[in-house]
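Since the structure comes first, as structure tokens, the remarks are kept for the end.
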Amino acid sequence: MTVLRVLLVDDEPLARAALRAILEDDAGIEMVGESACAVDAVRAIQTLAPDLVFLDIALPDHDGFWVLAQLEGERPTIVFVTAHSDQAVRAFEVRALDYVTKPLRRHRVVEAVTRARERANLMGPLDDAKSGPLTLKSNGRLRLIDPETIDWIAADDDHVVVHANGGHWRARETLHSVERRLDPRRFVRIHRSTVVRLNRVRELQPWFHGDYVAILHSGAKLRVSRTYRERVARFLGREL
């Protein structure tokens, strides 16, 4: 079992105690420290080098996003812990692994730890093969597309259409084969025919029969089908 070195950051002693009580049941967790403010959290991360940080968003001096902005180079896996549910999209824009809302539920904390351990065991750092360019054969040319420019990818019969950088490219591939080459921490299937880069989503609006509509920063509107709603909810760390 991979041992995860964990730092807790929350200004509420009771909240830290509740989280610590859940984590201490896991023999694969080593608690390396606790912080009650943003400035101390930055110092603790830099000196203790934890693998995983449970980071409260609302801190007395700065917020959790400020903490991440101060970190240079490789940073630990981040799980946001907050009483507010309206910061989920922003949390994933800064590549947080998970987003757990208060009051804490044991199964959500355990799920976040499991995902962090899976990342450590299987996925490796962000500079692995899946962080490289997406290669597509389009119009007889091999096109290299930076994943950070992709908004969404749609299936169209036996082709895919990649929407990126304000344009789109069509290639004779299956959506499944393209999805396998993308970083699953950044891209999520929202429909049997659509994959979206999560930090391009501005908001989710309820639609009919349990479906949602994802509105992207570009203004594009994509259907989130009920079949994939639970998968999207896991990314957001809350129920839809």
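Only one of these is modelled with pLDDT of 90 or more and among the hydroxyl-bearing types (Ser, Thr, Tyr): 2, 82, 77. Name it.
It is 77.
This table checks each residue for (1) assigned by TED's automatic domain parsing to the domain that holds residue 99; (2) out of contact with any His (no Cβ under 9 Å at 6 or more places or on another chain); (3) under 27 Å from residue 98 (Cβ atoms); (4) modelled with pLDDT under 90.
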residue	(1), (2), (3), (4)
143	no, yes, no, yes
146	no, yes, yes, no
165	no, yes, no, yes
177	no, yes, no, yes
180	no, yes, yes, yes
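Which condition breaks for residue 65 when tested against (1) touching a strand residue (DSSP E or B) at 6+ places or on another chain (Cβ under 6 Å); (2) in a helix (DSSP H, G or I)?
(1)
Condition check: within 30 Å of residue 84 (Cα to Cα), modelled with pLDDT of 90 or more and within 18 Å of the chain's Cα centre (by Cα). Does residue 185 satisfy that?
The answer is no for residue 185.
What are the residues in region 205-225 that are free of Cβ contacts under 8 Å to residues at least 24 places away in the same chain and of a type in the set (Ser, Thr, Tyr), if any?
none
Here's the yes/no breakdown for (1) under 28 Å from residue 200 (Cα atoms); (2) surrounded by fewer than 13 Cβ atoms within 10 Å (Cβ to Cβ); (3) not β-branched (Val, Ile, Thr):
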| site | (1), (2), (3) |
| --- | --- |
| 24 | no, yes, yes |
| 30 | no, no, yes |
| 55 | yes, no, yes |
| 65 | yes, no, yes |
| 71 | yes, no, yes |
| 86 | yes, yes, yes |
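Could you check residue 202 against (1) touching a residue at least 40 places away in the same chain (Cβ under 8 Å); (2) out of contact with any Lys or Arg (no Cβ under 7 Å at 6 or more places or on another chain); (3) in a loop (DSSP other than H, G, I, E, B); (4) not hydrophobic (A, V, I, L, M, F, W, C) and say which number it fails?
So the condition that residue 202 fails would be (3).
For every residue, the table says whether it meets (1) among the small types (Gly, Ala, Ser); (2) outside any strand (DSSP E or B); (3) touching a Lys or Arg at 6+ places or on another chain (Cβ under 9 Å).
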site	(1), (2), (3)
32	no, no, yes
59	no, yes, no
72	no, yes, no
89	no, yes, yes
92	no, yes, yes
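So residue 75 ticks every box in (1) under 21 Å from residue 147 (Cα atoms); (2) free of Cβ contacts under 8 Å to residues at least 12 places away in the same chain but one. Which box is left unticked?
So the condition that residue 75 fails would be (2).
Assess whether residue 210 counts as being more than 21 Å from the chain's Cα centre (by Cα), closer than 23 Å to residue 99 by Cα and either at pLDDT 90 or above or part of a loop (DSSP other than H, G, I, E, B) (or both).
Yes.
Can you find, within region 95-105, the residue that is farthest from residue 63 (Cα to Cα) among those that are in a loop (DSSP other than H, G, I, E, B) and within 8 Å of the chain's Cα centre (by Cα)?
Out of the qualifying residues, it is 97.
Among the listed residues 40, 86, identify the single one that is more than 18 Å from the chain's Cα centre (by Cα), assigned by TED's automatic domain parsing to the domain that holds residue 26 and over 22 Å from residue 3 (Cα atoms).
40
The values are calculated or read from the model by the stated rules, or taken from the named source; none is laboratory data. In this text the structure is predicted, and so the values were computed from the model without any measurement. So basically every Cβ, Gly included, is an ideal-geometry build from the backbone, and we count neighbours across all protein chains shown.
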